[in-house]
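Take a look at the structure below.
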Amino acid sequence: MNIRGKKVVLRAIEERDLELLHKWSNDPEINYMLGGWHFPSSMQDQEKWFTSLSMGSVNQRFAIDTPDLGLIGMANLVDINWKDRNAFHGMLLGDKEMRGKGYGVDTIMAINKYAFEELGLMRINGSMISYNQPSIGVYTKKCGWQVEGVKKNHYFRKNQWWDQVVVGITSDDYFKLLENNNYWEK
């Protein structure tokens, strides 16, 4: 089952995607904007990662695809906790030229819709490096997420410590957002 936004389709990651995903996973500029720690990875590592993906997993990863451009990024819904009905979400748009054109907003809204309207989750969690203001703005100003806290000195990048901005959205927040912006009906 594909997850459809208005501009993007979130689909299973296919073997044909690995070359581009490998390129993005080794791009220092992309990794500088992401949480976690990233080491150079080989194509063999990328292939091992790919073979570990499972439909039955509590960690779901999706290719962000557009009809005219093809693969433009990845999104995830991971650490799905079915008992407490929450999960963690992250996203990357691999090509800088895709940013600021509504693909990120549509991806987040598609994830929100899938998580709240299909999976019945109560909340989604996320986090960003404090200097990634474009991402923080997209989530909080356009997609209904709230800044819920800051973890001081959480990330070490370019010989400097940076805060982690913790964000989240509840199903109530998502449905209130839809009442105000009619996103899916525009």
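The values are calculated or read from the model by the stated rules, or taken from the named source; none is laboratory data. Bear in mind that the values here come from a model prediction, so they are computed numbers and not experimental data. Positions of Cβ are backbone-derived with ideal geometry, glycine not excepted, and every protein chain shown enters the neighbour counts. Heavy atoms of the whole protein, side chains included, go into the accessibility calculation; ligands, DNA and RNA do not. Shrake-Rupley method; radii C 1.70, N 1.55, O 1.52, S 1.80 Å.
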Requested in this report: Pairs to check: Lys113/Lys186; Lys101/Lys151; Lys113/Lys176; Lys7/Lys186. Give those whose C-alpha atoms are more than 19 Å from each other in this structure.
Outcome: Lys101/Lys151
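With every protein chain kept in place and ligands, DNA and RNA left out, what is the accessible area per residue of the chain? Probe 1.4 Å, answer in Å².
Heavy-atom accessible area per residue stands at 57 Å².
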Query raised in the report: What are the ³J(HN,Hα) values, in whole Hz, obtained from phi via the Karplus relation 6.51 cos²θ - 1.76 cosθ + 1.60 with θ = phi - 60°, for each residue of the stretch 57-72 in sequence order, with x given for Gly and Pro?
Result: 7, 7, 10, 10, 10, 10, 7, 9, 10, 10, x, 9, 10, x, 5, 10
Query - Normalised contact order of the chain, rounded percent, pairs of Cα under 8 Å and 6 or more residues apart - result: 18
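Under the Kirkwood approximation applied to all pairs of distinct alpha-carbon atoms, what is the hydrodynamic radius of the chain in Å?
Numbers: mean 1/r = 0.0585 Å⁻¹.
Across the chain, the inverse of the average 1/r is 17.1 Å.
For the pair Phe156 and Phe88, what calculated FRET efficiency results from E = 1/(1 + (r/R0)^6), where r is the Cβ-Cβ distance and R0 = 22 Å, to the nearest 0.05? If you can, show how the numbers build up before the last one.
On the way: r = 21 Å, r/R0 = 0.96.
The pair Phe88/Phe156 has a calculated efficiency of 0.55.
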Query raised in the report: Could you state the principal axis extents of the C-alpha atoms in the stretch 64-107, from the largest down, to the nearest angstrom?
Result: 39, 18, 15
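If I take R0 = 25 Å and measure r between the Cβ atoms of Tyr32 and Arg11 in this structure, what FRET efficiency does the formula 1/(1 + (r/R0)^6) give, to the nearest 0.05?
On the way: r = 27 Å, r/R0 = 1.08.
Here the calculated transfer efficiency is 0.40.
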Query raised in the report: Counting Lys and Arg as +1 and Asp and Glu as -1, each charge on the Cβ, what is the dipole of the stretch 35-186 about the Cα centre in debye, to the nearest 20?
Result: 500
Report summary line: Taking the dipole of the stretch 1-160 about the Cα centre (Lys, Arg +1; Asp, Glu -1; charges at Cβ), the one of Leu71, Gln146, Trp49 that reaches farthest to the positive side is Gln146
Report summary line: Rounded to a whole %, the carbon-and-sulfur portion of the accessible area of the chain at a 1.4 Å probe is 51
Report summary line: Of the candidates Ala87, Gly120, Ile136, the farthest towards the positive dipole end of the chain (Lys/Arg Cβ +1, Asp/Glu Cβ -1, centred on the Cα centre) is Ile136
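Once Rh is set to the Kirkwood radius over Cα pairs, what Stokes-Einstein translational diffusion coefficient, in µm²/s, holds for the stretch 15-108 at a temperature of 10 °C and a viscosity of 1.306 mPa s? Walk me through the numbers on the way to the answer.
Numbers: Rh = 14.4 Å.
The estimated diffusion coefficient comes to 110 µm²/s.
Scan the chain and note any complete DSSP helix (H) whose C-alpha atoms cover at least 20 Å along its axis and whose Kyte-Doolittle average is -1.0 or more.
Values: long enough: none.
Helices meeting the criterion: none.
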